[in-house]
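First up is the structure itself, then whatever we jot down about it.
The values are calculated or read from the model by the stated rules, or taken from the named source; none is laboratory data. Source: prediction; values computed, not measured. Positions of Cβ are generated from backbone atoms using ideal geometry, with glycine treated the same way; all protein chains shown enter the neighbour counts. Side chains included, ligands, DNA and RNA excluded: accessible areas come from the protein's heavy atoms. Shrake-Rupley method; radii C 1.70, N 1.55, O 1.52, S 1.80 Å.
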4 protein chains.
Amino acid sequence: MRTGIWLIGARGSVAVTAVVGATALRARLVEPNGCVTELPQLRSPALPAWSELVFGGHDIVTTPVLKKADALAAAGVLPGRLVSALTADLTAIEHELRPLPAGDTQALVADRIAADLRDFRDRNALDRVVVVNVSTTEPIVTPHPAHADLARLTEALAGPDPVLPPSSLAAYAAFRAVCAFIDFTPSTGARLPALAELARVQGVPFAGNDGKTGETLVKSVLAPMFALRNLRVRSWSGLNLLGGGDGANLADPAANAAKVASKQRVLGDALGYVPEGTSRIDYVAEIGDFKTAWDLVTFEGFLGTGMRMEFTWHGCDSALAAPLVLDLARLTAAAHSAGRSGPLPELGFFFKDPLGDGPSALAEQWATLATFTAGLES
Amino acid sequence: MRTGIWLIGARGSVAVTAVVGATALRARLVEPNGCVTELPQLRSPALPAWSELVFGGHDIVTTPVLKKADALAAAGVLPGRLVSALTADLTAIEHELRPLPAGDTQALVADRIAADLRDFRDRNALDRVVVVNVSTTEPIVTPHPAHADLARLTEALAGPDPVLPPSSLAAYAAFRAVCAFIDFTPSTGARLPALAELARVQGVPFAGNDGKTGETLVKSVLAPMFALRNLRVRSWSGLNLLGGGDGANLADPAANAAKVASKQRVLGDALGYVPEGTSRIDYVAEIGDFKTAWDLVTFEGFLGTGMRMEFTWHGCDSALAAPLVLDLARLTAAAHSAGRSGPLPELGFFFKDPLGDGPSALAEQWATLATFTAGLES
Amino acid sequence: MRTGIWLIGARGSVAVTAVVGATALRARLVEPNGCVTELPQLRSPALPAWSELVFGGHDIVTTPVLKKADALAAAGVLPGRLVSALTADLTAIEHELRPLPAGDTQALVADRIAADLRDFRDRNALDRVVVVNVSTTEPIVTPHPAHADLARLTEALAGPDPVLPPSSLAAYAAFRAVCAFIDFTPSTGARLPALAELARVQGVPFAGNDGKTGETLVKSVLAPMFALRNLRVRSWSGLNLLGGGDGANLADPAANAAKVASKQRVLGDALGYVPEGTSRIDYVAEIGDFKTAWDLVTFEGFLGTGMRMEFTWHGCDSALAAPLVLDLARLTAAAHSAGRSGPLPELGFFFKDPLGDGPSALAEQWATLATFTAGLES
Amino acid sequence: MRTGIWLIGARGSVAVTAVVGATALRARLVEPNGCVTELPQLRSPALPAWSELVFGGHDIVTTPVLKKADALAAAGVLPGRLVSALTADLTAIEHELRPLPAGDTQALVADRIAADLRDFRDRNALDRVVVVNVSTTEPIVTPHPAHADLARLTEALAGPDPVLPPSSLAAYAAFRAVCAFIDFTPSTGARLPALAELARVQGVPFAGNDGKTGETLVKSVLAPMFALRNLRVRSWSGLNLLGGGDGANLADPAANAAKVASKQRVLGDALGYVPEGTSRIDYVAEIGDFKTAWDLVTFEGFLGTGMRMEFTWHGCDSALAAPLVLDLARLTAAAHSAGRSGPLPELGFFFKDPLGDGPSALAEQWATLATFTAGLES
């Protein structure tokens, strides 16, 4: 099953790391560390092979992929030897990248995005295309009546005023072109009733939101631990220090708010109550892609005795996100192929803020994912 | 179901905290924080009620329980108001405590222990008695041929030389008196083929070993997290600083070795390989019962990128252990009542080094425990 | 030398801890831990003895001192046995406490404050009185032309509009009553040209601002360490989590800004440049008086190699502040007695944001303090 | 002043980092980060310039310097671009390196070492040579009567049994060849009465021991902080995790003991008492040259209130040590030139376990160093 992965934000750190990694995996230069679809419990013939993946994408910046890969190698995100070994592939991918289309109405922009997607599919003789949003986080979107209804949305998009944030316009265009859609960011993406309706009409699945790569991943196992031991969490506070493109963007208070909200959600879900405390995000350019998160948990044991736990997570965001992008694209393509359409809540394992009402504890999310993946084979 | 809990080490911190807590719970002075058998998923009519628990025990020291409770309150382990409110109960319990018996042969000592257990049961009109070892950790035991066979063991015990470590002699006596046995310590306890044979013959269950209260609890959720995300753990090193009786005892290298071994086991089980690193225990008197553990995990993500996580756990050992002692006693009594005999591997959730080949990931241990508990009702 | 210590905020945590401590020291119930004037290098006959200190103060709340002391004992800030032993003294002090005066003009309020101070001095036959501001932090003050000149200030205070923030009005009243003044908070206090002028006219000294009790204390030794080793600090970020009265007040963004600014100042002074990063303060009620600060420092060594250091400080703010309040009062009283007037920059050792251009490295501040103290004897 | 730096362990990480760095500094490719002799307060015309330094050395291994430099670059210790830029210099240095001499008696070995030193000096027309021991740590040495007296030592060295550990034999040979000697390790080095006697006879200075690069550096500012604030430290415990050559060697309990002892010494000196706790060293190969140290300090404030501080230091040992090796060589050469002989206690700033009775607080050591350096100019 030849599968296209169309990256929105294709010249960014996560996208380029994913491309370098998938190319290296195809060339058998590396082990599939961090790819959960390579674990024995999830490996499945229903998933496209590494050799069947083809990459393309949109971006508003024009930095060559090879140059970005060199910068990532210099920053310690990628091994330089891989970039050297894959120079030809990383140059060739430029042919599949396009500037993000513009136009006088959002309807026109969507048409042009969809046209790029269809061209990509035809040119590469692909069975399926999955569009993955890995661009920077948008501010929280202002509600609009047209978000609730596909007919009204179609009409409104033809007007002169923007109706959808870029991530949702990308989802709209993807669905129109019969492509699946994944939002790896906290942006709105496909999470509007009108878009869910369109996905079902077109018979395409979608997944999201906000890849769970660091502090929230840890929370999704620690919060259930406190719950299973009946230890009452009194407060949970955190500070995330990160540089890089996403960090700079999150210095914008509106984008920050979106991210912070999705970071604390797991606590309420896993504990059954929301403890005191907030999770902050600060931009520190010098820290770059290696983000550091510190969390303090105060909790109460038997007879009210107060105790505490701290953790520091020092992770490379792109190196954590990129394999999940590949996993999600493989799983979503297989789901599309298996006839699934609309939201895929079974992929909650991957996200900070999953679609649907699934479990928030990592172990339960894993069980759901394993069942889902096994079901794709039949 | 009137249930006796006979504590080996009844005047120690864990035992006294358990007694104070159970008495306070019966008097409805506190919430059952830290008691997992009070979680909705585990609550069961098959378990003895708080009001049905009766405490007794052995100890080699003679500090009055009330005095120990005062010391625990001064150290911040217990609220002083509870000790004041429960003075009468904590004084009355002295009638049920006995010095640990001595004798010329281990057979004789076992007879005397068993007699104390039977007296306790008769005097209090108990349906069942569960013996719980919460005394200090023993050095690793030297193997002896009589450990493998009940007949040979019975014979050897009558001889002049000690054959069993104290924890195993307690299990032997408990089984002889038709009492269930729980080892909350890393000592040998019932983990000898001859003792398992005796437990089956007598129709009594046993559980263990080594209550999972701090660093290992955290490991049992973090190690699966790394495994489920296919992140390769390169090293996992830790330092445990603790004072109190258990800490002083662990300064003995032999006892320390027993404990350290059971602390790293979870990693091999959860990850499928043993990463580099060791988990050390150091005695620091001033830290007392509030132990501090620090762990450093280095791991490898996509394309080999190195990352790291640290955590510090600052927990009160007795406040974490005591509710689990009560949970285990309730569950084991119910299992005895339901006709179970021999090892109870389904209680792995509670232990660092569980009996049998059960899962080591906390979430799986929880699922096993929930199924087990539900099965007790029928 | 009988010395009065008049506390603005006399019923707050810091003040009550200081009063309990000084009373306990006088009764020889405790060691003078945390009091630097009891170190051999600073001990001096020029300082008033513990037995010569008399306490009074203003507050807007009315909680009895004894009740506050009990609450501090329950929270682990004070030993309960001290409060029991000192009940009579803690009750007697109520006679020396007054509600903070009100009035139609600030001139009138200042008169009433000054009258309270004179009454206190006369009633207790005191040689000197030192006023210490330990009330909650004020928002950053709006500049006013009258702040620059004593004559204009006197005139403006008689008008209907407030000219001075409460901390500065307290300093004004203190100076009018020929009392020394110490501001232990980040509020404006005596730091206005008109007030410095008044202090000199009246022949009284003043000191401040913002007691250095936790994260900034650590910064004042670590930042010089990096500087002396020629290691370039790239970023220094921190999060302070604290509850209690001061924490609640700091949740107000304006007060927070004042505090945060004084927290980063030491870095620029010690390093000669300001690294990236900010120091945040978050209010977490449950943490109470035991504040937790986490800092991450990233730095660059030989040949540009990147490294990092983290620290967590878990300190009881009142227990750290109270002995310094006593030290400052003793030193300032002695300085007054020795004829010093105006700002005392030599006391920079105690403050986050010291008066004058003194050193910011703790060791240099110490040397300055030792010289100053030795000079008081002659 | 042409100055030779002869490195014992010339092919190890510290030595190669020092050589790469000095070469890069001479070529003006880097800033002198981490070199304290480049701070304004210490810069002095009495010190040899970067362009006047010439490197040579002994080692028992034969890895080419260039190959080692490449390995250090791959490990992130050095920037790869420097190694590329300096390939010619790093190849040329091979001409100045020699295998560590052997012989039937230690007297003969010493003669051969001294001959190598004299050849190095003559071949390069050097004014002075400083020998620096940067080889791996030796076990604690067994005392020998000949250590106390130069005449007896000379006699004993001619015998068939080894009398001196390798580090001391190197010092002996250095002094015989009229070279200064620095021990950057915790080994014995020149710290024997017989060797001090020889240094004075030959008119050469020596310095040591054990470069202060990480945890102990932090201790040397934090311990004085607690002391200056009269806060009583109850316990100070630490764990050092490190890989690399030195780490492997320290897994040997005897070498470990030497290092651990010098790590706690600073506490007793700075505090005036030795708090509870130990500082452990564990070898974790995967951590390599980037060592991680975690320390927990528990302390007591006013009225006995317990508090705590933790820090984690994640530093690159070679990148921290190498610039200090260069600083020490420059300072010791200048001292030799200025006529100093015997121990140089004024260099305590650089060492965990300084010669003499100097201060252990970093700020005081700095003041001593600044005075010493200023005195070299005259």
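In the protein assembly as shown, carbon and sulfur make up what percent of the accessible area (probe 1.4 Å)?
54
Shortest first and in nm with one decimal, please list how far the D:Ala285 label point sits from its counterparts in the other copies (point 7 Å along Cα→Cβ).
Its label point is 4.1, 4.2, 5.5 nm from the equivalent points in the other copies.
Rounded to the nearest 10 Å², what accessible area does B:Thr142 show when all protein chains are kept and the probe is 1.4 Å?
Approximately 110 Å² of B:Thr142 is accessible to the 1.4 Å probe.
Can you give me the accessible area per residue for chain B, using a 1.4 Å probe, in Å²? Please list the in-between numbers first.
On the way: 12480 Å² over 378 residues.
The answer is 33 Å² per residue.
Could you work out, residue by residue across A:279-288, how many beta carbons of other chains sit within 10 Å of that residue's beta carbon, and then give the average as an integer?
Mean number of neighbouring Cβ atoms from other chains: 5.
Give the separation of the Cα centroids, the stretch C:174-237 to the stretch C:1-37, in Å.
21
Once you've got the Cα coordinates, tell me which of D:Lys212/D:Lys263; A:Lys212/A:Lys291; B:Lys219/B:Lys352; A:Lys219/B:Lys219; A:Lys219/A:Lys263; C:Lys219/D:Lys291 are over 18 Å apart.
Pairs exceeding the cut-off: C:Lys219/D:Lys291.
State whether the protein assembly as shown is rounded, prolate or oblate according to the following rule on the C-alpha gyration tensor (a ≥ b ≥ c being the square roots of its eigenvalues): a/c under 1.5 gives rounded; otherwise a/b larger than b/c gives prolate, and the remaining case gives oblate.
rounded
Evaluate the charge dipole of the stretch C:215-316 about its Cα centre and quote only its size in Debye, nearest 20, assuming +1 on the Cβ of each Lys and Arg and -1 on the Cβ of each Asp and Glu.
Result for the stretch C:215-316 is approximately 400 debye, rounded to the nearest 20.
Quick check: from the Cα gyration tensor, does the stretch C:251-378 come out rounded (a/c under 1.5), prolate or oblate?
Cα axes put the stretch C:251-378 in the oblate bin.
Could you calculate the FRET efficiency of C:Glu94 with C:Ala49 from 1/(1 + (r/R0)^6), where r is the beta carbon distance between them and R0 is 22 Å, rounded to 0.05?
Given R0 = 22 Å and the Cβ-Cβ separation, E is 0.35.
What's the magnitude of the charge dipole for the stretch C:1-151 around its Cα centre, counting Lys and Arg as +1 and Asp and Glu as -1 at the beta-carbon? Answer in Debye, nearest 20. Walk me through the numbers on the way to the answer.
Details: 14 positive and 16 negative charges, 87 e Å.
Its charge dipole is roughly 420 debye.
At C:Asp122, with labels set 7 Å past Cα in the Cβ direction, how many nm apart are the copies from this one, shortest first?
8.6, 9.6, 10.1
Ordered by packing density, taken as the mean number of other Cβ atoms within 10 Å over each peptide's residues, highest first, how do C:118-128, D:275-285, B:209-219, A:335-345 rank? Don't skip to the end; give the middle numbers.
Working: C:118-128: 16.5, D:275-285: 20.3, B:209-219: 25.3, A:335-345: 18.3.
Descending mean neighbour count gives B:209-219, D:275-285, A:335-345, C:118-128.
Could you quickly flag the chain C residue whose beta carbon comes closest to the rotation axis taking C to D, and that distance in whole angstrom?
C:Ala363, 2
Give me the net charge for the shell around A:Leu42: Cβ to Cβ below 10 angstrom, other residues only, Lys and Arg +1, Asp and Glu -1.
0
Give me a single rounded figure for A:232-242: the average over its residues of other chain Cβ atoms within 10 Å of their Cβ.
Partner Cβ neighbours, averaged per residue: 4.
Quick one: net charge around D:Ala114, please, counting Lys, Arg +1 and Asp, Glu -1 for every other residue with C-beta under 11 Å from its C-beta.
Charge balance near D:Ala114 sits at +1.
Helix B:65-74 against the longest principal axis of chain B: what's the angle in degrees, Cα atoms only, rounded to the nearest 10?
That works out to roughly 30 degrees.
Return the distance in nm (one decimal) between the two label points of a simple spin-label model at A:Gln202 and B:Ala75, each offset 7 Å from Cα along Cα→Cβ.
6.5
Note down the magnitude of the dipole of chain C about its Cα centre, charges +1 on Lys and Arg C-beta and -1 on Asp and Glu C-beta and zero elsewhere, to the nearest 20 debye. Let's see the in-between values first.
Details: 32 positive and 39 negative charges, 102 e Å.
Taking the Cα centre of chain C as origin, the dipole is about 480 debye.
Compute the separation of the alpha-carbon centres of the stretch D:298-355 and the stretch A:81-155 and state it in Å as a whole number.
Cα centroid of the stretch D:298-355 versus Cα centroid of the stretch A:81-155: 57 Å apart.
Any idea what the D:Thr91 label distances to the other copies are, label 7 Å down the Cα→Cβ vector, nm, shortest first?
The answer, with the shortest distance listed first, is 2.8, 9.2, 9.2 nm.
I need the calculated FRET efficiency for the pair B:Leu108 and B:Tyr273, taking r as the beta carbon distance and R₀ as 56 Å, to the nearest 0.05. Working shown, then result.
Working: r = 48 Å, r/R0 = 0.86.
Given R0 = 56 Å and the Cβ-Cβ separation, E is 0.70.
Nearest 100 Å² is fine: how much accessible area is buried between B and A, summed over both sides, with a 1.4 Å probe?
So the total buried area for this chain pair works out to about 4600 Å².
For a label point 7 Å from the Cα of C:Arg152 along Cα→C-beta, name the residues of the stretch C:328-349 whose backbone N is under 14 Å from it.
Once the point is set 7 Å along Cα→Cβ of C:Arg152, nothing inside the stretch C:328-349 turns out to lie under 14 Å by backbone N.
As a test of the formula, what do you get for the protein assembly as shown when each DSSP H run with n ≥ 4 contributes -39,500 (n - 2.57) and the sum is divided by the residue count, at 222 nm and rounded to the nearest 500 deg cm²/dmol?
Working: 52 runs with 636 residues, N = 1512.
That calculation yields -13000 deg cm²/dmol at 222 nm.
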